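Beneath this line is the structure, given in structure tokens, with notes to follow.
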Amino acid sequence: METFRRVMFLVIAAALLLRLRPLLGMGDDLRAAISEDGYLMLTVARNLGIGNGLTVSEGEIWTNGIQPLATIFYALPYFALGEGKALGIAGVVLIMTVISLVATYLVYALARRLVPGESDLVPLAAATLWASSPLLFGHSMNGLETGLYTAFILATLIYLHDRIAAHRVMTLAESIGLGALCGLTFLVRNDGAILVAVLLITRFLHVQLVDRATLGDAFKEGFVAGIVSLLFASPWLAYNVSIFGSIMPISGYAQSLTAEFAGNIALIPAKLFEMMVPIAPIPGSLETSALVIAICLAALLTILAAFIALQSQRPASAKVVMLVYLLFTLGLASHYGLNFGAPWFLSRYLAPTAPILIIASTSVFWWVLSRLTSQRLGARALATLVAAGLALTVYKGYSGKQHGHLQVVDWVQDHVPAETWVGAVQTGTLGYWHDRTINLDGKVNPTALRAIMSEGSVLAYVTASDIDILADWHGITGWLEHSNADFTAAFELVLVDETANLGVLRRRNRRSE
């Protein structure tokens, strides 16, 4: 087993080096290290770090289309090092790497509490799979909140486990601590409210039915934790309501504009299966196949049933935490399967469920192996699967698709002065590298969102704005075919390159070159 441990630590070390690889070159590798939506968050983080508040568009447009705590974390390099954009990304890459290492340890720590037996083989395998498999590697290093969110979820559940393990009602200090972790988890990502609700209700019932505490004690514990979590969340909620009129960030509304009830439900089984077995990606063209849905559902239900059965002899603390995490998983899957749009982001939305699903799959896999073969051969098989995950990550890192928006950035930097206002539907990458960029899909621009929601289009908004250049994927040139006469009179075609996926429109009698 010592050899197995060495292999796991070597894989984690290799995954660490892969996370730091963008720092080896401060050019395209570094620019491509951040996803399109990650750049949206980094634009706000940079403005916050250099004193412009939660804004985009050269500090002129206030926004809440981000997740607050991650934005604060990512603002630190700009606060410490200045407004340098490449240097700021390097600092964010380092922060994401540290967060990933912490989350890796927390996956191990949670698995140690949930998996029966004295051996740390399964916890090590689960943690290493989380750290090194290609899907979760990408989600934890994308410039967004996913890695930090996962870490706070794990920390909250570990804290809950250790308090329940004391077999008593929490003290006032412990209830405050639980509430603080719940509030911080919500601030990392707003759908953490699902975890908070599930946790507090489950804990309340457990205190009543298992610990036999009085109703007053159970209510006091839950009330204190709930109030503290709300206190932590309240500055963000107040900011949202007072400036934007709703507790939901505008990015949530923007993502929901194309939502249909149950529009994503067919994707849920495949996405959860990929979280449970993160070294087995399913081709997108097959995800909604009836056969694939049936296989994924059968695998998920079988593995989870076996995992729950393995928990039958575990202490109440492990059972409660397992139940909370699985109910949270169900809550996320239901929310994004039934009530949300943007199916292309479904994998990222469900990534926080991966730790419990990986712990379940590795536990069941090891239980089966230990009965079919010797422990030595079983450990080798498990190590081989983990190493395969790392190999896939390496392969993806060196042969995966290129960043889809840098061609837009390059054209703008080569042809548009810094003082010229540029507009685009997708302004994450472009808006980071060209300060005077106006977002048009409403994710970070409340005025554009209002135009879409009230008029069904941003064309009138664009026509009346200071935007001189529209630069995005080539589909933006189709706006000239729209029946809005004012827009077609105001803008003309400059470039359409389907091969490079680049389209540019320019205001007639433009003020820019």
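The values are calculated or read from the model by the stated rules, or taken from the named source; none is laboratory data. Small disclaimer: the values here were computed from a predicted structure and weren't measured. Cβ placement follows ideal geometry from the backbone for every residue including glycine, while neighbour counts extend to all protein chains displayed. Note: areas computed on protein heavy atoms with side chains; ligands, DNA, RNA excluded. Shrake-Rupley method; radii C 1.70, N 1.55, O 1.52, S 1.80 Å.
The table below gives the values:
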item	result
Descending semi-axes in Å of region 366-430, equivalent ellipsoid built from Cα gyration tensor	51, 11, 7
Hull-based mean projected area of region 355-513, where the convex hull spans the alpha carbons, in square nanometres	13.8
Dmax and Rg, reported as Rg then Dmax, of region 100-233 (C-alpha, Å)	15.9, 48
Accessible area expressed per residue, the chain, with surrounding protein chains retained (probe 1.4 Å, Å²)	42
Modelled label reach - Leu87, point 7 Å along Cα→Cβ, region 2-39 residues with backbone N closer than 18 Å	23-27, 30-31
Region 1-95: radius of gyration over Cα atoms, expressed as a fraction of 2.2 N^0.38 Å	1.31
Unit Cα scatterers, Debye sum, the chain: log10 I(q)/I(0) for q = 0.08 Å⁻¹	-0.54
Sulfur and carbon atoms: percent of accessible area, the chain [1.4 Å]	65
C-alpha long axis of helix 36-49 to longest principal axis of the chain, angle in °	80
Longest segment of the chain lacking trypsin sites (Lys or Arg not before Pro) that sit in a DSSP loop with at most 14 other Cβ atoms within 10 Å	213-400
Unit charges on C-beta of K, R, D, E only; dipole of region 346-450, Debye	760
Dipole axis of region 154-293 (+1 Lys, Arg; -1 Asp, Glu on Cβ), positive-most option in Ala173, Leu209, Leu267	Ala173
Amide H within-cut-off set for Asn439, under 5 Å, with H built and near neighbours excluded	none
Taking all pairs of distinct alpha-carbon atoms in region 275-333, Kirkwood radius in angstrom	13.2
Among Leu54, Leu106, Val292 - extreme Cα towards positive end, dipole of the chain, charges at beta-carbon	Leu106
Sites Thr288 and Leu257 - FRET efficiency at Förster radius 25 Å, r taken between beta-carbons, to 0.05	0.70
Size of electric dipole in region 137-222: Cβ of Lys, Arg +1 and of Asp, Glu -1, about Cα centre, debye, nearest 20	120
Above-threshold pairs, the threshold being 26 Å between Cα atoms, out of Lys220/Lys319; Lys85/Lys271; Lys271/Lys443	Lys85/Lys271
Rounded to 10°, Cα long-axis angle of helix 354-372 versus longest principal axis of the chain	40
